[in-house]
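Asker: If you scroll down you'll find the structure; I have some questions about it.
The values are calculated or read from the model by the stated rules, or taken from the named source; none is laboratory data. Being a predicted model, the structure only gives us computed values, none of them experimental. Cβ: placed from backbone, ideal geometry, glycine included. Neighbour counts: every protein chain shown. Each accessible area value is taken on the protein alone, full model and side chains, heavy atoms only, with ligands, DNA and RNA left out. Shrake-Rupley method; radii C 1.70, N 1.55, O 1.52, S 1.80 Å.
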Amino acid sequence: MKKLTAALLVCATSLLAACGQKDEPAPQAATPAAAKKVIVGLDDNFPPMGFRDDKNELVGFDIDMAREAAKRMSIEVEFKPIDWSAKEAELNGKRVDALWNGLTITEERKKNIAFTAPYMANHQIILVAQASPVQTKADLAGRVVGAQDGSSAVDAIKKDAPVAASLKEVKLFGDNVTALMDLSAGRLDAVVVDEVVGRYLASKREGQYRVLEENFGTEDYGVGLRKEDTELLAKLDETLTAMKKDGSAARIAQQWFGADIIK
C-alpha cells in the first residue's frame with residue numbers, strides 16, 4: 001500500500017510539473033547587444049601602421065583610421081598591443097574584437113577569421129635615389145638591389161624570375177633603415193620594400209628617394225573580425241566605404257605616406 005501511494009504521488013507530481021511547463025512561454029534565444037566598445041589588437045612596433053611615439057603614445061595610420069571609423073559608428077575604441085604571432089588566438093579567444101594593423105588578407109586566414117573589404121593595397125615597391133637613371137624593373141639589370149632579410153620583399157623579387165636573374169646581387173639587411181642608408185651612400189641601386197614602410201620612411205627624407213611606377217607584387221590589407229560578428233562587420237564595411245567616398249581615408253593616408261594608397 002505504501003508503494004502504491006508513493007507511486008501515485010510521483011505520478012501526480014509529474015502531471016503538475018508538466019502542466020506548469022505548458023503554461024510557461026518558450027525560452028527565447030538571447031539577442032546580442034550592439035557593440036558599444038571595440039578592442040583593437042595590434043603590434044605596437046609596426047610604423048607607420050601602429051607604433052609608439054616619443055611620448056610612448058600609440059599613433060599610426062591604422063590607429064587614425066580606427067578612431068575615425070569608431071567615431072562614425074558611435075562606439076568606443078580601445079587599442080591593445082598583442083603578440084602578433086598569436087593574433088588569431090587573441091581574436092577568437094575574445095581578448096580583442098578586431099585585428100587592425102596592416103593585416104594581409106589571405107585564403108588561409110579566411111578559414112579562421114572574417115575580413116572587411118580591402119581598405120589598402122600594399123605593394124612591394126622599388127625605391128631608388130632621386131637622381132638615379134633607373135626608371136623600370138628592366139633598368140635594374142646588372143645592378144645591386146637591397147631588401148630586408150626574411151621579408152616578403154625577398155620572396156617577391158625571387159618570384160619575378162627574369163628580373164631576379166638579371167640582377168648583379170640582392171644584398172640583404174637586418175632592417176630597411178640600414179638598406180636606405182646604403183642606397184643614399186650609393187652602395188645600392190635600389191631597395192625593394194613594403195609600400196607602407198617605404199613610403200613612410202621616404203616621406204621622412206623628402207627629396208632623397210623616388211618610387212618607381214612598377215613594383216614586385218600586390219597584397220590587400222583588411223580588418224579581421226570574428227566570423228560570428230556579422231553585424232559589426234557589416235557596419236564597419238559600410239563605414240570604411242563612406243570614408244573612402246568622402247576622401248577622409250585618403251587624407252589620413254596622405255598624412256602618413258605622402259600619397260593616397262587607399263584601395
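Asker: Among the listed residues K110, K159, K87, which satisfies the condition of being without any contact (Cβ under 8 Å) to a residue 40 or more places away in the chain and among the basic types (K, R)?
Answerer: K110
Asker: Contact list please: Cβ distance under 7 Å, first residue in the stretch 36-53 and closer than 23 Å to A202 by Cβ, second residue outside any strand (DSSP E or B) and open to solvent by 50 Å² or more (accessible area, probe 1.4 Å), pairs at least six apart or on different chains.
Answerer: D43/W84
Asker: Hey, could you check the stretch 56-71 for residues that are at negative phi and touching a Phe, Trp or Tyr at 6+ places or on another chain (Cβ under 6 Å) and say which is surrounded by the fewest Cβ atoms within 10 Å (Cβ to Cβ)?
Answerer: For the stretch 56-71, the residue satisfying everything is L58.
Asker: Of all residues in the stretch 119-129, which are open to solvent by 10 Å² or more (accessible area, probe 1.4 Å) and modelled with pLDDT of 95 or more?
Answerer: Of everything in the stretch 119-129, just one residue is open to solvent by 10 Å² or more (accessible area, probe 1.4 Å) and modelled with pLDDT of 95 or more, namely A129.
Asker: Which residue out of S151, S166 is within 18 Å of V193 (Cβ to Cβ), of a type in the set (S, T, Y) and without any contact (Cβ under 8 Å) to a residue 60 or more places away in the chain?
Answerer: S151
Asker: Contact list please: Cβ distance under 9 Å, first residue in the stretch 195-212 and free of Cβ contacts under 8 Å to residues at least 60 places away in the same chain and within 11 Å of G258 (Cβ to Cβ), second residue open to solvent by less than 20 Å² (accessible area, probe 1.4 Å) and of a type in the set (F, W, Y), pairs at least six apart or on different chains.
Answerer: Once the first residue is free of Cβ contacts under 8 Å to residues at least 60 places away in the same chain and within 11 Å of G258 (Cβ to Cβ) and sits in the stretch 195-212, its partners that are open to solvent by less than 20 Å² (accessible area, probe 1.4 Å) and of a type in the set (F, W, Y) give S203/F257.
Asker: Given V193, V177, V197, V154, which one is among the β-branched types (V, I, T) and in a strand (DSSP E or B)?
Answerer: From the options V193, V177, V197, V154, the qualifying one is V193.
Asker: Another question, if that's okay. Would you mind finding the one in D83, D160, D139, D97 that is of a type in the set (D, E), in contact with a Phe, Trp or Tyr (Cβ under 8 Å, 6 or more places away or on another chain) and over 17 Å from V196 (Cα atoms)?
Answerer: D160
Asker: Next question, about the same structure. Go through the stretch 229-249 and give me each residue that's surrounded by 15 or more Cβ atoms within 10 Å (Cβ to Cβ) and not charged (D, E, K, R).
Answerer: L232, L233, L236, T239, L240, M243, S248, A249
Asker: Tell me, please, whether a residue that is open to solvent by less than 60 Å² (accessible area, probe 1.4 Å), in a helix (DSSP H, G or I) and not acidic (D, E) can be found in the stretch 205-228.
Answerer: Among the residues of the stretch 205-228, not one is open to solvent by less than 60 Å² (accessible area, probe 1.4 Å), in a helix (DSSP H, G or I) and not acidic (D, E), which makes the answer no.
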